[in-house]
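Below is one structure; the comments refer to it alone.
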Amino acid sequence: MSKAMKVIVPEMPPLEREMIALRIANMLEDGSYVNLGIGIPTLVSNWIEGRDIILQAEIGMLKSGPLAEGDEIEPDRINASCQFIHELPGSSYFDIETSFAMIRGGRMDVAVLGALQVSARGDLAGWNTPARGLGKMGNIGGSMDLAVGARKLIVAMEHITTDGRPKILPECTYPLTAKGCVDVIVTNYALIEVTPKGLVLKEAIPGVSAEDIQKMTAAPLIIAGDFHEMEL
Amino acid sequence: MDKTYTSVELAIEDIPDGAVIAFGSFFTAGKPTALTRALAKKGVKNLTIVVMQVGVGNEEILELVENGQVKKAICNYPFPRSATRGADHSFEQAMRQSAIEAEVYPMGTFAEKLRCAGAGIPAFYTPAGVGTVVAEGKEVRVFDGVETLMETALPVDFAFVHAWKGDREGNLVYRYTARNYNNVMAMAGKVTIAEVETLVEPGELDSNFIHTPGIFVKRVVETGRPDYSQSPV
């Protein structure tokens, strides 16, 4: 299947972005340190209130809290998506080099990042859209460090592009964030694990078959022995 | 040892054309706004700016760009997030037209380049960026089976930092996430200039909780609390 080819989309409506975030929140283990990227990943924070999960914001904060609004806004306290946030009992602040010592040093149990493309081998492309025409320049942010440093990398994204083309491909065609770094892909249709044998389709949303998912996925999928409906 | 200056204009008076200047901040937090505005007013040109980002709520850096003062930008997150916003953004347009040279680094690499400059380490190896365009032209070495890139230190002539409190000897304390790049840039600067919201006498800051020790800071100027009436983008 060519990447230029539009895919056949099932009749079932896909998950809302918040529900992709919920599926990911349900995968996180208590006692873990987690970094959430910009976009759908940020929404994961809405589903972990009260859980024993500590969020790291790469700007230099551990135990970052919920979004702050109105009178509760503290201009000197933002997360890595430039949103005002609360602190929590036990929050800490530190400088950027300490923040990335945590990230590259393997202290982050999980990173959740958005993606433009993921390859069959788990390569991630997420920082540079060639259509924007900026060549080798782009907003790298913390993505390259997180991709190599996090112990587990979960990608949260729409399954296909807004113009109906697959984002899970045999090879990424956009500039890479890192090679072979993705462990799990959660989309608005499916949950796919990256394994040494290839991409394994573990779950699909209700009313959507494994065949439907394959039609929207340019890379070959292995159907898991325990393939089942996604539960939320 | 009194490092205070009475105004931001005096604190930056000797900055020449062609200087390499680092600016603390991460998005809207911890920006050295008063010093940066004074630099725009001073009008020095051919500057190399070292700053995490320009595209999101960094009007002060944008002013330097729009004044034509910037020759080169070394950064991490240069553009507005959305392509639509980028189409109207003077920095993105200057980059498109190659009016400004640019280098973009992964965030941890950017931070470590500055740290190394401040710590007397000329180069380091990092796994971030291996197999990407960031690796082009760089030495790759394998340590314990992991591919890494050689990156070099990034010394800067002047560093502008914003602190919550500082004393006359240059000891600095930052507030919440406004610390971000300020400490590492203070370390990297040959001449580090700190704007502080509140200036205090030596001994008034709790000596157990100094974030940047005064040895890294050459000049201190009290600028008050910035106007935060504008929301982040």
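The values are calculated or read from the model by the stated rules, or taken from the named source; none is laboratory data. Source: prediction; values computed, not measured. Heads up, the Cβs are rebuilt from the backbone with ideal geometry, glycines too, and the neighbour counts pull from every protein chain shown. All accessible areas refer to the heavy atoms of the entire protein, side chains included, with ligands and DNA or RNA removed. Shrake-Rupley method; radii C 1.70, N 1.55, O 1.52, S 1.80 Å.
With the simple model of a label 7 Å out from the Cα in the direction of the Cβ, residue B:98 to residue A:224 spans 5.0 nm. The long axis of helix A:17-27 is offset from the longest Cα principal axis of chain A by roughly 80 degrees.
Amide hydrogen proximity for residue B:5: with H placed 1.01 Å from N in the peptide plane, the residues at 5 or more positions away or on another chain lying under 5 Å are B:220, B:221, B:222.
Residues of the range A:131-151 with backbone nitrogen within less than 13 Å of a virtual label 7 Å along the Cα-to-Cβ line of residue B:136, please, listed as ranges. Answer for this model: A:134-138. Peptide A:81-93 shows a mean partner chain C-beta count of 3 within 10 Å per residue C-beta.
What's the longest bit of chain B with no exposed GluC sites (Glu not before Pro), using DSSP loop states and at most 13 other Cβ atoms within 10 Å as the test? Mind dumping the intermediate values first?
Numbers: sites that count: B:13, B:136, B:139, B:204.
The reported range is B:14-135.
Over chain B, what is the percentage of antiparallel beta bridges among all DSSP beta bridges, to the nearest 5?
Rounded to the nearest five, the antiparallel share is 30 percent.
A Förster radius of 60 Å, combined with the Cβ-Cβ distance separating residue B:6 from residue A:195, puts the computed FRET efficiency at roughly 0.40.
Only helical runs count toward this figure. For the protein assembly as shown, summing -39,500 (n - 2.57) over DSSP H runs of n ≥ 4 and dividing by all residues gives -5000 deg cm²/dmol at 222 nm.
When only the heavy atoms of the protein chains count and the probe is 1.4 Å, how do B:168, B:81, A:121 rank by accessible area, highest first? Walk me through the numbers before you get to the answer.
Numbers: B:168 65, B:81 95, A:121 140 Å².
Per-residue accessible area, sorted high to low, gives A:121, B:81, B:168.
Quick check on the protein assembly as shown: of the DSSP beta bridges with both residues there, what percent are antiparallel, nearest 5%? Of those bridges, close to 40 percent are antiparallel.
Of the two radii for the protein assembly as shown, the radius of gyration is 0.99 times the Kirkwood radius, both from the alpha carbons; that is the Rg over Rh value.
Here residue B:190 and residue B:67 are evaluated by their C-beta separation; at R0 = 22 Å the FRET efficiency comes out at 0.35.
Projecting label points 7 angstrom from Cα along Cα→Cβ for residue B:41 and residue A:27 puts them 5.3 nm apart. Sketch the reach of a paramagnetic label on residue B:228 as a point 7 Å from Cα along Cα-to-Cβ, and name the residues of the range B:151-176 whose backbone nitrogen lies under 15 Å away. Correct set: B:162-165, B:174-176.
Counting only heavy atoms of the protein chains and using a 1.4 Å probe, residue A:42 has close to 30 Å² of accessible surface.
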